[in-house]
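Structure record follows, encoded as structure tokens.
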Amino acid sequence: MEYVLFLGILFVPIILLSFLITLLTLPRWISRAKKEGLVGRDIQKFKKTEVAEAGGITVLIGFVIGVFLYVALKTFFFEVETNLIFILGILSVIFCAGIVGIFDDLLGWKRGLNNKLRIGLLFFAAIPLIALNAGTSEMLGINFGLIYPLILVPIAIVGTTATFNFLAGYNGLEASQGILVLTALSILTFITGNPWLSVISACMVASLFAFYLFNKYPAKVFPGDTLTYPVGALIGCIAILGNIEKIALFFFIPYILEVCLKLRGKLKKESFATVQKDGSLELKYKKIYGLEHLALVVLKKIKPSHKVYEKEIPLLINLFQITIIILGFVLFL
């Protein structure tokens, strides 16, 4: 029955609503954010322009309204109440992660919350899934028992939420990465018999796509942690509730590499490059401290002009992410 609802009736209007809500609220948010001074400098441009911050709030609005429509259609029109408690659990996790992101954005990316406080607050975002005993405690042939909900689940939520924020700083990068990973998870959960998770993933993809139209180069709005934290948290939720932790972890390889490179710089080196007068980019450091830096080095070597521009960095990283996703499907399915 769930497959019939997903394919025949629910999918298109739900994702369309998420897309339209975000698309229509973004211009108003951009205007209001600029009016209130909630702006940030676009560092990767030679002429430093001010761009509206915390645009991720519109993605949250579109996503949540889309999910609520899904719940309403299931409950009132089709009288299907399966997985509703887990859907509310996901929304609780997303709200908690979003609140932490809002605090970070309001305080500013330079000051923000300190790492210990941030991790502590993100741990609370995992509590709804802990309380619901979400997921299956058996992995790799081992039954982890209470270790799974009490330890592994919060580690997964905190890990995906915090690390999704690492690969960032270039116009369109965070939104496009979220679109790619969540689209892959939406397809995967549908294949593995969890279409309700596919709908939820697709709601976020639709909202992110609307946001990307304003966030791509040259960006009119920045996502902020208000976007990256909820998207990372949703990826963790989908992996746990869909029992697809292994392949989801494989999809996260670019972020694992990013964390390793950031640790090389003791989490103090920025992902940005040095902007030249012609708009091209040069490495800011002698060593590589992120996939963004690695992409810059690779592009400089393969381009005849040796000139690399901001919009090219996300394209190469996205190509790498697509390759990882395809390999994941081949290896795990």
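The values are calculated or read from the model by the stated rules, or taken from the named source; none is laboratory data. Nothing here was measured: the structure is a model prediction, and the numbers come from that model. Virtual Cβ from ideal backbone geometry, glycine too; neighbours counted across all protein chains shown. In case anyone asks, the SASA skips ligands and DNA or RNA and just uses the protein heavy atoms, side chains included. Shrake-Rupley method; radii C 1.70, N 1.55, O 1.52, S 1.80 Å.
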Practice prompt. Please state which of the following conditions residue 152 fails to meet, knowing it meets all the rest: (1) in contact (Cβ under 8 Å) with a residue 24 or more places away in the chain; (2) aliphatic (A, V, I, L, M); (3) not in a loop (DSSP other than H, G, I, E, B).
Written response: (1)
Worksheet item: In segment 287-319, how many residues are surrounded by 17 or more Cβ atoms within 10 Å (Cβ to Cβ) and in contact with a helix residue (DSSP H, G or I) (Cβ under 7 Å, 6 or more places away or on another chain)?
Response: 15
Item to complete: Could you check, for segment 165-178, whether at least one of its residues is at pLDDT below 95, aromatic (Phe, Trp, Tyr) and open to solvent by 30 Å² or more (accessible area, probe 1.4 Å)?
Response: yes
Response to the item:
Log entry, pairs with first residue in segment 112-141 being within 16 Å of residue 95 (Cα to Cα), second being in a loop (DSSP other than H, G, I, E, B), beta carbons closer than 8 Å, six or more apart or on different chains, reads 118/112; 121/113; 129/135
Worksheet item: So which residues in segment 39-83 are on the phi < 0 side of the Ramachandran plot, assigned to a loop (DSSP other than H, G, I, E, B) and either at pLDDT 90 or above or open to solvent by less than 40 Å² (accessible area, probe 1.4 Å) (or both), if there are any at all?
Response: 42, 44, 45, 53, 55, 80
Discussion item. Cβ-Cβ under 8 Å, sequence separation 6+ or interchain: first residue in segment 183-200 and aromatic (Phe, Trp, Tyr), partner not in a helix (DSSP H, G or I). Which pairs?
Written reply: 196/82; 196/83
Worksheet item: Would it be correct to say that residue 86 is open to solvent by 50 Å² or more (accessible area, probe 1.4 Å) and of a type in the set (A, V, I, L, M, F, W, C)?
Response: yes
Item to complete: Name the helices (runs of 4 or more DSSP H) wholly inside segment 214-323 in which the number of residues that are closer than 30 Å to residue 133 by Cα and out of contact with any strand residue (DSSP E or B) (no Cβ under 6 Å at 6 or more places or on another chain) is 2 or more.
Response: 225-241, 245-251, 253-264
Discussion item. I'm told residue 265 meets every condition in (1) over 28 Å from residue 69 (Cβ atoms); (2) of a type outside the set (Asp, Glu); (3) touching a residue at least 60 places away in the same chain (Cβ under 8 Å) except one. Can you identify the failing condition by its number?
Written reply: (3)
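Please find, among 66, 62, 120, 55, the residue that is out of contact with any Leu (no Cβ under 7 Å at 6 or more places or on another chain) and within 21 Å of residue 209 (Cα to Cα).
Criteria check complete, one pass: 62.
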Worksheet item: So which residues in segment 212-246 are closer than 15 Å to residue 185 by Cβ, open to solvent by less than 10 Å² (accessible area, probe 1.4 Å) and β-branched (Val, Ile, Thr)?
Response: 231, 235, 238, 240
Worksheet entry | residue 118 of a type outside the set (A, V, I, L, M) and surrounded by 18 or more Cβ atoms within 10 Å (Cβ to Cβ) | yes
Worksheet item: Can you tell which of 209, 103, 123 is surrounded by fewer than 22 Cβ atoms within 10 Å (Cβ to Cβ), at pLDDT 95 or above and in a helix (DSSP H, G or I)?
Response: 209
Item to complete: Just one of (1) farther than 22 Å from residue 247 by Cβ; (2) charged (D, E, K, R); (3) open to solvent by 70 Å² or more (accessible area, probe 1.4 Å) trips up residue 138, so point out which.
Response: (1)
